[in-house]
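Notes follow the structure.
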Amino acid sequence: MQIFKLAYRNFFRNTRRSIISGISVALAITVIIFAQSYIKGIFANMAENVTKLISGHIRITTSEYERRERMLPLSESIELTPEFYASLPEDNIELTSARIKFGVILGEEELSVPAIGYAIDPETERNIAGLHQRLVKGSYIESGDRAAIVGKGLAERMNITVGDTLTIITRTAYDSPAGMNLLVNGIFSVGIGDIDRSIFYIPLDIGQELLDLEGRASEVALLISEPGQAVEIARAIELGPEYSVVPFQQNMLLQYMNVANTIYGIMYLIILLVACSAIANTMLMIVFERTKEIGMMKALGMGNMAIVGLFTIEAGIIGIVGSAAGAVSGSLLSYWLKYQGIDMSMLSATASADIPYGPIIYLAPTPLIVLTGFLLGLFMTIVVALLPIRRITKIDPAKALKTI
């Protein structure tokens, strides 16, 4: 107990130096907690957009379609038979939505714009993508309507608005040319550059008619009640080797984010090591300044381990104060931005980004992130401080007592 009291008193022997060392740790922990919460917020935002706008929680296609997806092979479609739906597990699946993704040329003659069309069930997609809530102009589509809702960026490229006619030129599942004129019912914006400037939606039955896919779809998206169980549910779906059943966690973009998390983790450690170098410098100066004092403690019978423990506790106090301050400031900033959000549309670089996040990122701090930041700061402080403290074991008491 006496050693703790002595370490506490030593902490205040040079308060300014101790505070500066603590501040460096606090700033590093603040940055780490903020960065982890920010990355977690981006991941959550991307996962939500992937499930709502791209794949659902589970995406079913034919194996050949998945292999050749870049070519949008409509001939590799799913037959939407009662037997197909009966093969899907009833538990946990809330919604099932058939979709057709197809490439088109929009417009005629001098104005020809390549784009991607989605034929969807309007009513089902209300509860998945929520496109009716993303309209900035006009109204939503209904089954049977020869109409479309168009991305805001695509409408600007085509110079069209609500009430105009959209001319579609495409090829059917049998590779024959097809075309159709559709009324522009509405214009939507999801805040994701690639979607807003290249995608439009039409009713599923109209898409099936246009593409010669009666009773078929290129993919089926499933929405489940427990998204965390998507992998297990996907494995339980037995449709045969000709089908591909992929949970949203295996989406390529989300997998890239998992790799990015590992890289960011290394960066966090580097930031913390740089910050803790101030602790190492402080402890090195303390050891040099107290060389005579260390020699006296050794001469009075105090062992190396006890003296090392004393200085380690002193470094630990700096680490606790700095890490605690950083944890508090980092959590306050992150939790505030959890509700306030960061408007990514203000950054020109993200306005045209082709990745599915935005336009507002809400940070996602957790008690575990805050606790991990605090413990990491304390641990690294002690580890880095031990490097100069180890010099104590090599100090000769007789020589130390002669130092000035």
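List of remarks:
- Measure of compaction for the range 171-236 (Cα Rg per 2.2 N^0.38 Å): 1.51
- Whole-number accessible area per residue in Å² for the chain, which is evaluated in the context of all protein chains at 1.4 Å: 49 Å²
- Rounded to two decimals, the Cα-based Rg/Rh of the range 266-332, with Kirkwood Rh, is 1.11.
- Based on the Kirkwood approach, the hydrodynamic radius assigned to the range 79-173 is 15.5 Å, with every pair of different Cα atoms included.
- The lysine pair count for the chain, using Cα distances under 24 Å and pairs eight or more places apart or on different chains, is 18.
- When you work out D = kT/(6 pi eta Rh) for the range 184-340 at 10 °C and 1.306 mPa s, using the Kirkwood radius from C-alpha pairs as Rh and the Stokes-Einstein form, the result is 68 µm²/s.
- With the convex hull of its Cα atoms as the shape, the range 220-285 has an orientation-averaged projected area of 7.2 nm².
- Taking the Cα centre of the chain as reference, the dipole from Cβ charges on Lys and Arg (+1) and Asp and Glu (-1) amounts to some 4220 debye.
- With the convex hull drawn over the C-alpha atoms of the chain, the volume per residue is 182 Å³.
- Which of Tyr65, Met46, Ser112, positive extreme of dipole for the chain (C-beta unit charges): Met46
- Where only C-alpha atoms are counted, convex hull volume of the range 115-227 per residue in Å³: 109 Å³
- Over 17 Å [Cα-Cα, the range 78-121], rounded percent: 55 percent
- Surface share of carbon and sulfur [accessible, 1.4 angstrom probe, percent] for the range 257-348: 74 percent
- Across the chain, Cα pairs under 8 Å and at least six residues apart give a relative contact order of 28 percent.
- Here the Kirkwood formula, the inverse mean of 1/r across different C-alpha pairs, assigns the range 107-151 a hydrodynamic radius of 12.2 Å.
- Restricting the range 93-194 to chymotrypsin sites (Phe, Trp or Tyr not before Pro) in coil, as DSSP defines it, with at most 15 other Cβ within 10 Å: Tyr174
- Relative to the globular-protein estimate of 2.2 N^0.38 Å, the Cα radius of gyration of the range 25-80 stands at 1.88.
- Between the range 137-187 and the range 199-245, the Cα center-to-center distance that results, in Å: 22 Å
- Residue among Thr124, Ala26, Leu213 farthest towards the positive dipole end of the chain, charges placed on Cβ: Ala26
- Of Ile279, Ile360, Gly240, farthest towards positive along the dipole that unit charges on Lys, Arg, Asp, Glu beta carbons give the chain: Ile279
- Built from the Cα atoms of the range 1-150, the convex hull projects on average onto 19.8 nm², one quarter of its surface area.
- Value at 222 nm in deg cm²/dmol, rounded to 500, when DSSP H runs of n ≥ 4 in the chain each add -39,500 (n - 2.57): -16000 deg cm²/dmol
- For the range 186-235, carbon and sulfur atoms together expose 44% of the accessible surface, with a 1.4 angstrom probe and every protein chain in place.
- Cut-off of 10 Å, at most 11 other beta carbons, DSSP loop: longest stretch of the chain lacking such GluC sites (Glu not before Pro): 243-404
The values are calculated or read from the model by the stated rules, or taken from the named source; none is laboratory data. The structure presented is a predicted model; accordingly, all values stated were derived computationally and were not measured. Here the Cβ is made from the backbone with ideal geometry for all residues, glycine too, and neighbour counts use every protein chain on show. Each accessible area value is taken on the protein alone, full model and side chains, heavy atoms only, with ligands, DNA and RNA left out. Shrake-Rupley method; radii C 1.70, N 1.55, O 1.52, S 1.80 Å.
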